[in-house]
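Read the figures in this text as sums done on the coordinates, not as results from a lab. Just so it is clear, the model here is predicted, and its values are computed rather than measured. Note that we place each Cβ from the backbone using ideal geometry, even for glycine, and neighbour counts take in every protein chain shown.
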Amino acid sequence: MPEHDPLLERLLAAGSMAELEGVVAADLEAVLTAFPGWTTVPEPIRGDHQAIERYARRLLLVAQVLGTRGYPGPLRALEGGGDDLAHGWSQMLRRSQTLADAGRYTDSVEVLASLLSELDQMSGPAVDDLRPKVFGRLGSVWFQAGDLEQALVWTERALEACLAMRDTQGIAAYHDNLQVMQAVHLPAVDPEAGARLLECRRLIVAAQSASDHFEYDESNQALGKALAIALAGGERLRADFVGKVYGLRGLNHYYLGDAAAARADTERALAECRAADDPNGVRTYTANLKFLSRTQ
């Protein structure tokens, strides 16, 4: 590759997907002719791993643009490029975590924002899979930095993205993260609502501990108090806790030998989880109902 390549330099300098597409369209034949030579990493950046990653990602974008214009050859020539690209994204995620762990929260957020900017210019399963993880990482970094407002915003975006893809593991993870963040944030902005949230959490933890120690009546007493708080506490509190309360109470009833009450509460748990769009809860209590049906 020549030391000075104005066409390549314009492609590398493009500040948006539209600008990149414009450069390709303006010199389509020249881009097609030069592309094979560009697959060799330029000498000046061979010792800079991050520069190589940026170069590879930009070259892949150029190949994708050519593919949309009816020239799939360059994209096929980069068959390993997708793996390299994903590796580069993973490295950016790891770097953001390293920076956050070192207390460099602003730098960590900048790395994640840069990664999101790249993802916004691309599409495909790998992009769809990674985007919620970047949202979630942003939520975690802002939480570490003490900015709970931003932490909640980004974690909610991660949860929404996982809900859209029916990613049950992601839904469970970000739902749990949100609950922790809200337990910290809500008492500061709304002491009354925060007190209800914390008391509901305390009662459910106590109920679970009692159930684990075979104290089912005591567990149900705590669950009854938690249920009253959750049902009166608004949509968020209900979505977060009512399904869990009914589910655990149904289990307690089963161990107490009350099959009818066990089934009734498990059905309520399933209905609440469906209303809250909680696929993990739906799966759990559907399985529990099947088990109860077999044991009756």
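What number does the stretch 116-194 give for Rg over Rh if you use C-alpha atoms and the Kirkwood radius?
On the Cα set of the stretch 116-194, Rg over Rh gives 1.04.
Please work out whether the stretch 190-296 counts as rounded, prolate or oblate from its C-alpha gyration tensor, where a ≥ b ≥ c are the square roots of the eigenvalues and a/c under 1.5 means rounded, while otherwise a/b larger than b/c means prolate and anything else oblate?
Oblate, because a/c is 1.5 or more while a/b does not exceed b/c.
Angle between the Cα long axis of helix 105-119 and the longest principal axis of the chain, 0 to 90 degrees, nearest 10?
70
Going by alpha carbons, how many degrees (0 to 90, nearest 10) lie between the helix axis of 81-101 and the longest principal axis of the chain?
Between the helix axis and the principal axis of the chain, the angle is about 60 degrees.
For K290, which aspartates and glutamates qualify as cross-link partners when the Cα separation must be under 14 Å and same-chain residues fewer than eight apart are set aside?
Hits, sequence-local ones excluded: D265, E267.
How high is the relative contact order of the chain, given as a whole-number percent (alpha carbon pairs under 8 Å, six or more residues apart)?
That works out to 8 percent.
Give me the percent relative contact order of the stretch 190-296, please, defined on Cα pairs under 8 angstrom at least 6 residues apart.
Rounded, it is 20 percent for the stretch 190-296.
Counting other C-beta atoms within 10 Å, which of H213, H175 has the fewest, and how do the rest follow?
Ordered by Cβ neighbours within 10 Å, fewest first: H213, H175.
Out of every Cα pair in the stretch 93-237, what percent are spaced more than 19 Å from each other?
Above the 19 Å cut-off, the stretch 93-237 has 61 percent of its Cα pairs.
If amide hydrogens are placed 1.01 Å from N in the peptide plane, which non-local residues have theirs closer than 5 Å to the one on V41?
Under 5 Å from the amide H of V41 lies no amide H from a residue far enough along the sequence or on another chain.
I'm spelling it out carefully: the read-out is Rg and Dmax of the Cα atoms in Å, the candidates are (1) 19.9, 64; (2) 26.1, 82; (3) 20.9, 68, and one was derived from this structure. Which label?
Given (1) 19.9, 64; (2) 26.1, 82; (3) 20.9, 68, the calculated one carries the label (2).
Near K225, which lysines are there with a Cα under 22 Å away, not counting those fewer than 8 places off in the same chain?
K244
Can you compute 3J(HN,Hα) from phi for each residue in the stretch 219-229, using the Karplus curve 6.51 cos²θ - 1.76 cosθ + 1.60 with θ = phi - 60°, rounded to whole Hz and x for Gly and Pro?
Values per residue, Gly and Pro as x: 4, 5, 5, 5, 5, x, 5, 5, 5, 4, 5 Hz.
Can you compute 3J(HN,Hα) from phi for each residue in the stretch 162-169, using the Karplus curve 6.51 cos²θ - 1.76 cosθ + 1.60 with θ = phi - 60°, rounded to whole Hz and x for Gly and Pro?
Values, residue by residue: 5, 4, 5, 9, 6, 7, 5, 5 Hz.
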